[in-house]
Amino acid sequence: MGDRGRNTRIAGAPSRIAGPAGLLTAKLAVPPLPRAFVPRPRLTDRLTEGAEGEATLVSGGPGAGKTLLVAGWAEAGRAPGPVAWLALDACDNDPASFWSYVLGAIRGTGAVPERSPLARMIPGPRLDEAFVRRLAAGIAALTCPVVLVLDDLHEIGNPRILRSLAFLLRHPLGRLRLVITTRADRVPALHRPRIRAGLTELRAAELDFTPEEANRLLAAHDLRLPPTELEALHERTEGWATGLRLAAGFLGVRDPARRAGEFAGTEPAVADYLMSEVLVGEPPEVQQFLRQTSVAERVSGELAEALTGQPRGQQVLERLARANALVTRVAGRPEWFRYHPLLRDLLRYRLRLETPELATDLNRTAAYWFAGVDDGPAAVGHAVAAGDWPLVGRLVVTVVGARIDSAHRRPLADQLALVPASRLSATAGLALCGALLAHDRGEYDVVPAQVARARATLADEDADLRLPAEILARALDAALARARGDMTALADTTAEALNVLADVSTAQLPGARHYRATAFTNTGVGLFWTGRLGAAHTRLRSGMAVAQHAGAELTQLDAMAHLALVEAERGLLRDGSGHARGGLALAEGAWRSAPQAVPAHLALALINLERHHLGEAVAALENAAVAQRPEPEPVPYLALRAVEIRVLLAHGELDAARLAARRLEEEADAGRTPTTLARWLALAEADLDLAAGEPEKLIRRVRRPGAAARMFPRLWTRVARAHLTLGAFDAAEAALAPIHVSAPDIGSAVEAWLLTALVADELRQNSRSVDAFSRAVALAEAQEMRGPFVGVGLPRLAAFLERYQWLTPHSSHFVGELLGDAMAEPARAESAWGQDSEELTERELDVLRYLPTMLRNQDIAGQMYVSVNTVKAHLRSLYRKLGVTQRREAVDRARELGLI
């Protein structure tokens, strides 16, 4: 064994471990620990716990460190008594020899009394029940607990020995504690202790070194690796003990060019170990089975049979896994197996060396097999490995293309990057592969040419490829429109795609449902941003349902998140909140930072703004900023900025809102701004005018030629507020009249009835005022919508609320909450900024005003025309003066002090 040494420690040594003289000392002594031995407390603690029971099983593949683990535990004095060690090999399959060694090991501990049966027993050629009974009686008479280690029990295959061992274990062994190390995953003799809950089991996965343990092992070999190198090495070895030790030798060679990620199973030392310890015992047909199936990253019985042309693939894999031959089950998929990366390296190398043409054929076979079970990414990977470029194009068109917006996008792009650039126009499928690659790289100007090239060659393709290729081409048209922020093109393109997909079955195109889900969703996205909310709602609901049925979770998230945005815009805050949170629950984990999650965060920001939950609105905006950062789509990015302005104004931070508005004005392209986004930008601009006390500016803007065509309900309410502030009551009512007639979204209706109530109150029309206000409250209360009552300041609102509550004594608790919000003044802890505190400099105050925005340090530096280091220096100083350590804390503290 490569993980076992030999020791000559005998009875009388200072340790509690004893070994009898006169026997084969190498077999009956605890192996010595190497210089670079690393204790692993998490495992030795398990061995100590196991020694309190009847038996402990340590099961793992060759080189898993079983022997050294138990030897280290024994040397550390963790055993409850002396340790009797027996190292087994194939020569110990004679029953008399086996039990002679067992008795010798136990006697060597000094725990056998002179009159004990164990002191005189000599196993004969027959191992009858009487012998085992005498053995059990002698064990019961031991003077102290004794640990018997049977190292490498898998070497014993004689059924007579195994039956006698099982008979011995029928009942608890009293003071004897059994520790077995073995490669076999199951030891029949241990079923009794397992049933009695007296068995502790350490299996292969537990024996693997953790990254921290691997780091300590390398340090013991005088190696210090950077975190990235350590991670790469741990990934290559998967914590396999012998693999790590061999890697230490590989990296210990003074060659600066060597890197941990280059350590492979083809290294001579690794290959020799694998050949002599793992493969040597397997018959030629099994070794051939392993080589042929190694082309796959994971293999099932059916795939193995397709690759080898032989039956019983599942049985072979099951046996190899039970034997811990570096073959393990795939977690959560018991019918699938995988080979250790280093073993797979060696197997693939031998396959290419001995039969290079077979490796290509096997990869092609695997590609077709995976395509047949609708695993497109794996199919493409094998087609790439086979170098069959036309097959790559065919598979992308027929199997994979529908998943371009899924979690498979990144691995698919990595695989397509291996296709020679010169081949990316050879067929329509390969031209579409080139378009997919260009889109993934953000080379949007290249995509149309590649799609056009594909369409130009479609006539030369097989008939069964033409429809799938055209559908993928349309999907790429949509993806390009969305990436460029052209929402009109997105809605139109995907609407046409839905017409094409209407009569396509999954038999014709396996990815038809995925395509349909994406097309419904993208149509809804385009309709939403172009202002057609009702149609968008219908399409998005269809997209969500089809995506769920197809198992396209990322598309389902996209549809659900945009549905939440539609509902937030229509004032359906309860529904919108439910869909937003449902989408984010779906995104938890793999897609938490996916751009498809941005609309869900954005919807929550709008909903919390309408409910005047400003802290939650800020948190939602921050989460949206994080999610959009890797791949920002232009429209949601600008929408995020527009909502940020409104949230800052709700916080009363006019200066920060102005800064954000200036930044947005620089980034927005008025000529390509879709309708809904244009409305959000206009709304933010109007709220800035009102917050700055410039209602005339807002009124002048809406009176410009052509402005009337761009008016919408929420903007009319801002105009009405401006007129109300100026005392122009008739003009305010005229601005509100279209809203009352057209039954707009709930938020506009609430604001319109509220402003009507305030106008009527000014005109002393008490009955009309109370009626209008009651309507506003009824609509708002159903959605918990408090923002319109406590947002941009309204004259006499607090007094009006107080009088309304007095006039309607049975008014709801909601009205009382509104009154409390309207009467509350922002907390200003000016006294906290005492004379002993250091005042902020003008430049520090300038930096402070940027902090409530989502601008990063480099953005702030650009706005202030200074270096990033200068901004960081100002931040350190103002953090110290404010007594905080983080940006959010600085904003909160500054608000308390009235600095922003």
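A short reminder: the numbers here are calculations on the coordinates, not readings from a lab. Just so it is clear, the structure is predicted and the values come from calculations on it, not from any experiment. Note that each Cβ is placed from the backbone with ideal geometry, even for glycine, and that neighbours are counted across all protein chains shown.
Some observations on this one:
- Hull volume in cubic angstrom per residue (convex hull over the Cα atoms of segment 23-95): 127
- Helix axis angle, 614-628 relative to the chain longest principal axis, alpha carbon, degrees: 60
- Distance from segment 50-120 to segment 331-393 (C-alpha centre basis), Å: 45
- Filtered trypsin sites (Lys or Arg not before Pro), segment 56-115: DSSP coil and at most 12 other beta carbons within 10 Å: Arg115
- Relative contact order of the chain: 6 percent, from C-alpha pairs under 8 Å at least 6 residues apart in sequence.
- Calculated SAXS-style log₁₀ I(q)/I(0) at q = 0.22 Å⁻¹ - segment 162-284, Debye, Cα scatterers: -1.19
- Rounded to 0.05, the FRET efficiency of the Ala692 and Asn857 pair, given R0 = 22 Å and the Cβ-Cβ distance, is 0.20.
- Reported value for segment 76-143: 94 Å³ per residue, from the convex hull of its C-alpha atoms.
- Once both labels are positioned 7 Å from their Cα atoms along Cα-to-Cβ, the gap between Ala269 and Arg312 label points is 3.9 nm.
- Over the C-alpha trace of segment 356-484, radius of gyration and Dmax come out as 13.6, 46 angstrom.
- All aspartates and glutamates inside 17 Å of Lys872 as judged from Cα atoms, apart from same-chain residues fewer than 8 positions distant: Glu842, Glu844, Asp846, Asp859, Glu889
- Sorted largest first, extent of the chain alpha carbons per principal axis (Å): 117, 79, 56
- Restricting segment 716-772 to trypsin sites (Lys or Arg not before Pro) that sit in a DSSP loop and have at most 16 other Cβ atoms within 10 Å of their own Cβ leaves Arg764.
- C-alpha long axis of helix 41-50 to longest principal axis of the chain, angle in °: 60
- Under conditions of 37 °C and 0.692 mPa s, segment 133-200 yields 259 µm² s⁻¹ as its translational diffusion coefficient, taking Rh as the Kirkwood radius over Cα pairs in the Stokes-Einstein equation.
- Averaging 1/r across all pairs of distinct Cα atoms in segment 506-680 and inverting the result yields a Kirkwood radius of 16.2 Å.
- Helix 634-650 and the longest principal axis of the Cα set of the chain meet at an angle near 70°.
- Counting only residues at least eight positions apart within a chain, or on another chain, the lysines with an alpha carbon under 27 Å from that of Lys66 are Lys27.
- Cα pair count fraction exceeding 23 Å, expressed as % - segment 264-354: 15
- Its Cα gyration tensor gives segment 41-207 an equivalent ellipsoid, and the semi-axes of that ellipsoid, as √(5λ) in whole Å with the largest first, are 24, 18, 15.
- At R0 = 56 Å, FRET efficiency that the Cβ-Cβ distance of Arg574 and Asp414 yields, to 0.05: 0.85
- Whether segment 211-262 is rounded, prolate or oblate, judged on the alpha carbon gyration tensor where a/c under 1.5 counts as rounded: rounded
- Bins of 10 Å, starting at 0 and running to the largest distance - Cα pair percent for segment 576-641: 25, 56, 19, 0
- For segment 264-354, relative contact order (Cα pairs under 8 Å, six or more residues apart, normalised by length) works out to 35 percent.
- Considering only Cα atoms, the convex hull volume of segment 694-814 works out to 99 Å³ per residue.
- If only the Cβ of Lys and Arg carry +1 and only the Cβ of Asp and Glu carry -1, the dipole of segment 227-370 around its Cα centre is close to 140 debye.
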